[in-house]
Amino acid sequence: MNWHNLISSRRLGKEDRDKHPAEQRTEFQRDYDRLIFSSPFRRMQNKTQVFPLPGSIFVHNRLTHSLEVSSVGRSLGADVARALEGHHDAADTAALESISAIVSAACLAHDMGNPPFGHSGEEAICSFFSEGAGQQYREFLPESTWNDITHFDGNANTFRLLTHRFNGRRKGGFVMTYSTLASVVKYPFSAALAGNKPKMGFFTPERDTFLTIFDTLGIPALENEGDRIRYARHPLVYLVEAADDICYEIMDIEDAHKLRLLSTAETIELYLGFFDETEREQLRRSYPEDTDAGDQIKFLRSCVINALERACVQVFVENEAAILSGTFTGSLIRHLPERLKTAYENCAAVAHKRIYLSKEVVDIELSGFHIIYTLLELMCEAVISPEKKYSQLLLKQVSSQYELQSDDLSTRFMAVLDYLSGMTDVFALDLYRKINGQQLPMV
């Protein structure tokens, strides 16, 4: 792979049109603006990140998380581009100038396809079809569609959301640049290669779009036979992934402190673990013990993010050749220097035990599972038997952009998932209550 092919302003759905001469923004800045002004992006403000969305203490939701990831991604892209200056020919060097804008836009989009109720929403969809009431539909669907829905992944759904032509919408979906779209695809393989993990990069309806983008950018195919498709990653995915890894792990610790799941002493100790003794002493002098605890935590958190960002830039630059050849394995975080890697793993272990298994988080998972199971069961039955009166009432609730009236059953099932995954937590809960007669609409 080479940078001047990987960095392309070619737009999905507008491949034959040139940029308007009066436009001052770069194509990748236009990607960023298009995302941030979109309805799916705004809806993330009411989608759970990890913790339930409380009223009195503000913790991260999908939107604030994505904005922070985009900020870190912008820094990663700018610092990598600066570090690689002079290492390439003129064509590649010119292309590198756009890295920061591409990574920033891709980070902004990376969670847009996630369903309500955090990661448990993805698990609930997979579980409904693989071990729940949805198992009965296997005989009606082709193997490729069954693989897609039993491996439902927010990453693949993001690619669909950005590229799919929904009813009444223009060709190319969001009409994003090829480079931004490829930088979103964390798992560049089909569901047939997902194994037991619900991780993949695209659904079957977006297969041709995926192939067009990756082939045009010169990303090598590692396997391409029938439904078994695997490509190398676009190099900028490593920066998007690093920005996400840094933010969710480090910010979850701060949120846990706000919610009193972790004490101030525990939180400070976790953050100081990223630094050697000399650096720790300097940090303690900057914010002595009589300083407000919240301010201490914020200061240390910013220092940790800065240290991780600089280290990830170094890992990327040192391994650029392997990344461009498609032979680099693992994430940038996995290749951190030992002290930073150990501290990060300590945060991950504490987060798993004290945060992700906490009663507050498990409660939202239980509720989310039940709500999604109920909605899926009713909507799937409606598209299987649309002639029934109750099915007709349900289908009238859904926007015409979703292809629930298609003659193709696979298309109708994917439309159900489009509808469900686009819901906010509150919308899904509200619809669940109305369907169950627990809440009547306001007259």
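The numbers here are math on the coordinates, done by the rules we state, and not lab data. Owing to the predicted nature of the structure, the values given are computational and were not obtained by experimental measurement. Note: ideal-geometry Cβ built from the backbone for every residue, glycine included; neighbour counts use all protein chains shown.
Rounded to whole numbers, the Karplus 3J(HN,Hα) couplings from phi for the stretch 2-9 are 9, 5, 6, 8, 5, 9, 10, 8 Hz, using 6.51 cos²θ - 1.76 cosθ + 1.60 with θ = phi - 60°, and x at Gly and Pro. Each Cα pair of the stretch 184-240 feeds into the Kirkwood radius, which the Stokes-Einstein equation turns, at 10 °C and 1.306 mPa s, into a diffusion coefficient of 139 µm²/s. Protection proxy ranking for 363-376, 320-333, using the average of other Cβ atoms within 10 Å per residue and placing the highest first: 363-376, 320-333. Residues within the reach of a label modelled at Asn167 (point 7 angstrom out along Cα to beta-carbon, backbone nitrogen below 11 Å), restricted to the stretch 380-407, are 395-407. Seen from Phe328, the other residues with C-beta closer than 10 Å to its C-beta sum to a net charge of 0, counting Lys and Arg as +1 and Asp and Glu as -1.
Only helices reaching 30 angstrom along their own axis (Cα) with mean Kyte-Doolittle hydropathy no lower than 0.5 count here, and for the DSSP H runs of the chain these are 293-318, 359-384.
Which shape class applies to the stretch 82-227: rounded if a/c is under 1.5, otherwise prolate when a/b exceeds b/c and oblate if not, where a ≥ b ≥ c are the square roots of the Cα gyration tensor eigenvalues? Taking the square roots of the gyration eigenvalues as a ≥ b ≥ c, the stretch 82-227 is prolate. Here's how it looks for Leu222: its modeled amide H is under 5 Å from those of Arg230, Tyr231, Ala232, which are all 5 or more places away or on a different chain.
A full extension of the chain between Gln401 and Arg310 corresponds to an added length of 28.4 nm, given 0.36 nm per residue minus the alpha carbon distance. With both labels modelled 7 Å from their Cα along Cα-to-Cβ, the Thr411 to Thr278 distance reads 6.6 nm. When peptides 133-141, 30-38, 179-187 are ranked by their average number of other Cβ atoms within 10 Å per residue, the highest-first order is 179-187, 30-38, 133-141. Annotation for Glu143 and Ala91: the two label points, set 7 Å from Cα along the Cα-Cβ direction, are 4.1 nm apart. Cα centroids of the stretch 247-289 and the stretch 352-411: 40 Å apart.
Taking each of Lys199/Lys389; Lys47/Lys199; Lys47/Lys197; Lys197/Lys388 in turn, the alpha-carbon distance tops 25 angstrom for Lys199/Lys389; Lys197/Lys388. For the chain, the square roots of the Cα gyration tensor eigenvalues, ordered a ≥ b ≥ c, give a/c of at least 1.5 with a/b no greater than b/c, which places it in the oblate category.
Give the relative contact order (percent, whole number) for the chain; include only Cα pairs under 8 Å separated by 6+ residues.
Numbers: 648 pairs, mean separation 86.5, N = 443.
It rounds to 20 percent for the chain.
With both labels modelled 7 Å from their Cα along Cα-to-Cβ, the Gln135 to Met1 distance reads 4.0 nm.
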